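Heads up, the thing below is written out as structure tokens.
The values are calculated or read from the model by the stated rules, or taken from the named source; none is laboratory data. Since the structure is predicted, the reported quantities are computational estimates derived from the model, not experimental observations. All Cβ positions, glycine included, derive from the backbone under ideal geometry; neighbour counts span all protein chains shown.
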Amino acid sequence: MSKVKEVLKLKEVTVRFAGDSGDGMQLTGSQFSDTTAWVGNDLNTLPDYPAEIRAPAGTLYGVSGFQLHFSSDDIHTPGDQPDVLVAMNPAALKKNLSELRNGGMIIVNSDSFDLKNLKLANYATNPLEDESLSGYEVFKVPISSLTANALEGTKLSPKEVARCKNFFALGLMYWLYNRPPETTITWIHEKFKSKPEYVEANEKALKAGINFGEMTEAFTTRYSVEPARLPKGTYRNISGNEATALGFLAASVKSGLPLFLGSYPITPASEILQYLSNYKNFGVKTFQAEDEIAGVCSAIGASYAGHLAITNTSGPGLALKTEAIGLAVMTELPVVIIDVQRGGPSTGLPTKTEQADLLQSIYGRNGESPVPVLAARTPRDCFYMAIEASRIALKYMTPVILLTDGYLANGSEPWKIPDVKDLPEIKTKIRTEKEGFFPYLRDDNLSRPWAIPGTPELEHRVGGLEKANITGNVNYDPDNHDFMIKLRAQKVQNIENDIPDLKVDGDESGELLLLGWGGTYGTIKEAVSKARELGYTLSQAHLRYLNPMPKNTGDVLSRFKKILIPEINLGQLAKLIRSEFLIEVEQLNVVRGLPFRTSDILTKITETLGGNNGK
Amino acid sequence: MANSTEKVVTKYTAKDFSSDQDVRWCPGCGDYSILAQVQRTFPEIVTEHKENIVWVSGIGCSSRFPYYMNTYGIHGIHGRAATIASGVKIANPDLAVWVATGDGDMLSIGGNHFIHACRKNIDIKILMFNNRIYGLTKGQYSPTSEKGKVTKTTPFGSVDYPFNPISLAIGSEASFIARSLDRNAKHMQEMIRRAGEHKGTAFIEIFQNCNIFNDGAFELLTEKDTKEDNVLVMEHEKPLVFGKNSDKGIKLDGMTPVVVDLSAGEFTKDDLWIHDEFEKSPARAIILSHMEEMPGMPTPIGIFRQIHKETYDEGIERQIANIKSKKGEGDLEKILFSGNTWEVK
């Protein structure tokens, strides 16, 4: 009989699940996240998996991980160092041990530490038997055999039984961190609706994990993390890709335009296509095209035909769409291009994150081809930036590039669901009035009317050849070209009058401003807050509009002695800031395919400010 | 299906489809004839709601076409006409979407889009002006140029084999495949009309003379003295007959078509291959598509094949209607608040 176990309250915990690509670690992590969100913790996640779908079992390069940081407080990063590592095999232990906090907890599937797996992980001796893990709290749990015992009598093959072991591990973690299994049980029932034997087996494995925690002598303590004090409202856990998809769905509803997505599957952007394919009852049309170019071109066609048209991709796909985006610039048609950035160049690191497509987005086209560029800063911000990108595209009749990244796309956090009626209405430039119509007439913003096929007597042609203003006729006149080049540039520049100012978190002026953009927001915020705890005075500003930038950007920058720009690239925003404002900036560039560690930024802050922390 | 002998009631004339833009093709170009035949035929196809017509093109001489049509139109980028047209059609299936393209635009840089548009059976009509040369870039060989072609980029003759566009379209499962000639106005009008009536991807290859860079490419098929002996006009349910005095016919000998003499008395029309546009198997359409490559055989024009199957855009609309009737109209609030939600009080 087990003793009543002590429950220890913690403020925050970082857990990493690691195993073979086929072990279901992403699933385990996302189930733990959903449950953790549901019990009211703030959280932030970092799925980290290889590009290979099922690399050979047991190898180091086949290790898939999912890190999750949860807290009773407000948090912004997936955590620098895990407190707990769940390692399903020796390779997972080897690959992740160095990141684990000193004295951290390791839960291993001891069944998998056989000679073969130890060899595959390049272990000369079994780390569970030598002294190498002495600095950690190690729990050797025979997860495979315990799962097999629990599933005795089910109709599953031994292979299928083995595949249930992640639910055992999840159950054990639920017990250890005092989380209810209900959301996962509901999920299992939904997911395996058509396979009752899987429902039974996975639920049994999950419950066996919970019972094991309860019964075993090994675990004497369990932990609880109280709900975070989040603002009042209804919440759900949301990933960046899902938020992006929902944002465009909302933009479609709010603009009254049906949504068209022309797309070609690419990691890590495909989920947006998958999510939107489900919303047929909203009239959403998703077109899985033959390639990236067909994806964007079909969106251009749908835009001409009066839809809210979008295309989603990642860096290599954006490169392929380049020429077509130029066509949308010339024809002045609204199209949103979503680039979920990943490690480059070329195929690069498909499943990893990076911020290196900024210059490609702003400048990467032939000719003078101005395109507004926006960037979301957190998973939930993807929702609002999708709406904002749509608003700008439709108001200014222009293609807009929305940048997210692999970290935002796959990472998740709690999201206070907004009231639909609080979301902005989106106006369009649709024109049906025949009197005085010309395809390239201009309004005060220099935006042209949108005359949609099917509208009587507004027949007109658009195309990639240079246009005469107002009439839209093909025109080769040198002065007209000069005029139109400048007009298109001005039209995009005009957007600066229509976007919020750059906000400063902290003092409005001072020694140091950290300037960031995109998915690094949370980590910079965390680093700034830690620096403040150390007594430093510094401010943070984060750009969500990269082209054009908010009107007050130069003014904000001029009020600080030093500007530090952390980016997961070699300094693309830094280049823009220097050339735009003729000021010197400091850079922090770490391009590891992973989000910054808070400590990377904190170290750079202390270097930059020296001992100057006011103490 | 409108029958060509019936009087069509229309509110439009050819002039209604002519834009105010000056046509800028070279004098003598076959493109003029194609434009004229389209403008002459359209009043019969488009009896009302001219505003529902969209012309889409890529890049090349042919692709200037939309500028000359007084309809909605997009002059796209090189090779991508089929993709833009697909987007227009899928977005709004009420629109009639036509594509003007060339052999370089559609079969070289746009080859991938062409086969996939055909495969998906998106309801767009593709008129491919095949002049077997790159015209707008001034005379390089194209993917339909004959092997050995001497051009600026192949001064010693090309070493690659041309595409057979009809065979490619059949292989890609286009649902309407036809061929016509720039110089045969009546025939082209008929093909355009028939393509307009078809639902699904319709492909018409139009042999078009580029009198600047590839003059005379189709001479045998268009000159008075030679055309009747070299062109086979295929008609549905009729025997394959050609020749100056309709004195030659095509007989299928196993899988091989052979020319037989109808004047000697040995063969009659009853012995000939009876053309069936709607034949389920594509086998005989493929044989027809390769006929012109065989020595002594005529070049077929007309409809090689047409089949009726659900179009991509119809499929999408059907799914949307189905899901709407099952789930009801989409409710944004319901979607946003779905999944595992919790209250913070």
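What to note about this one:
- Candidate set: the range A:427-457, residues that are among the aliphatic types (A, V, I, L, M), touching a strand residue (DSSP E or B) at 6+ places or on another chain (Cβ under 7 Å) and closer than 19 Å to B:SER19 by Cβ; chosen: the one nearest to the other protein chains (Cβ to nearest Cβ): A:ILE452
- Number of the exception - A:ASN480 against (1) farther than 27 Å from B:GLY60 by Cα; (2) in a helix (DSSP H, G or I); (3) over 40 Å from the mean Cα position of the chain (by Cα): (1)
- In the range A:314-353, the residues that are at positive phi and either under 20 Å from the mean Cα position of the chain (by Cα) or in contact (Cβ under 8 Å) with a residue 60 or more places away in the chain (or both): A:GLU332, A:GLY348
- Checklist (1) within 12 Å of the chain's Cα centre (by Cα); (2) surrounded by fewer than 20 Cβ atoms within 10 Å (Cβ to Cβ) applied to B:ALA195, failing item: (2)
- Residue among A:ALA245, A:ALA218, A:ALA228, A:ALA269 that alone is surrounded by fewer than 24 Cβ atoms within 10 Å (Cβ to Cβ) and closer than 17 Å to A:SER412 by Cβ: A:ALA228
- Residue within the range A:105-113 that is aromatic (Phe, Trp, Tyr), within 29 Å of A:LYS207 (Cα to Cα) and out of contact with any Pro (no Cβ under 7 Å at 6 or more places or on another chain) present: no
- The set of residues from the range B:88-99 being facing another protein chain (nearest Cβ under 7 Å), of a type outside the set (D, E, K, R) and out of contact with any strand residue (DSSP E or B) (no Cβ under 7 Å at 6 or more places or on another chain) comprises just one member, B:ASN92.
- Out of B:GLY139, B:GLY110, B:GLY104, one residue alone is crowded, with 20+ Cβ neighbours inside 10 Å and touching a Phe, Trp or Tyr at 6+ places or on another chain (Cβ under 8 Å). It is B:GLY104.
- Enumerated helices (runs of 4 or more DSSP H) restricted to the range A:197-312, each holding at least 3 residues that are more than 9 Å from chain B (Cβ to nearest Cβ), farther than 26 Å from A:GLU332 by Cβ and not basic (Lys, Arg): A:240-255, A:270-276
- Being within 14 Å of chain A (Cβ to nearest Cβ), among the charged types (D, E, K, R) and either in contact with a helix residue (DSSP H, G or I) (Cβ under 8 Å, 6 or more places away or on another chain) or in a loop (DSSP other than H, G, I, E, B) (or both) holds for only one residue in B:LYS334, B:LYS309, B:LYS244, B:LYS324, and it is B:LYS324.
- B:ARG179 within 15 Å of B:THR299 (Cβ to Cβ), part of a loop (DSSP other than H, G, I, E, B) and at pLDDT 95 or above: no
- Taken over the range A:31-71, the criterion of being in a loop (DSSP other than H, G, I, E, B), within 14 Å of chain B (Cβ to nearest Cβ), touching a strand residue (DSSP E or B) at 6+ places or on another chain (Cβ under 7 Å) and not polar (S, T, N, Q) is satisfied by A:GLY40 alone.
- In the range A:163-179, the residues that are surrounded by fewer than 24 Cβ atoms within 10 Å (Cβ to Cβ), among the charged types (D, E, K, R) and not in a loop (DSSP other than H, G, I, E, B): none
- Residue match in the range A:370-393 (condition: of a type in the set (Val, Ile, Thr), within 14 Å of chain B (Cβ to nearest Cβ) and more than 16 Å from A:ASN312 (Cβ to Cβ)): no
- For the range B:51-87, a residue qualifies if it is part of a helix (DSSP H, G or I) and at the interface with chain A (Cβ under 7 Å from one of its Cβ atoms), and the qualifying residues are B:GLU51, B:ASN52, B:PRO66, B:TYR67, B:THR83, B:ILE84, B:ALA85, B:SER86, B:GLY87.
- Filtering A:THR147, A:THR125, A:THR154 for residues that are surrounded by 14 or more Cβ atoms within 10 Å (Cβ to Cβ), among the β-branched types (Val, Ile, Thr), farther than 25 Å from A:THR221 by Cα and assigned by TED's automatic domain parsing to the domain that holds A:ASN202 leaves a single hit, A:THR154.
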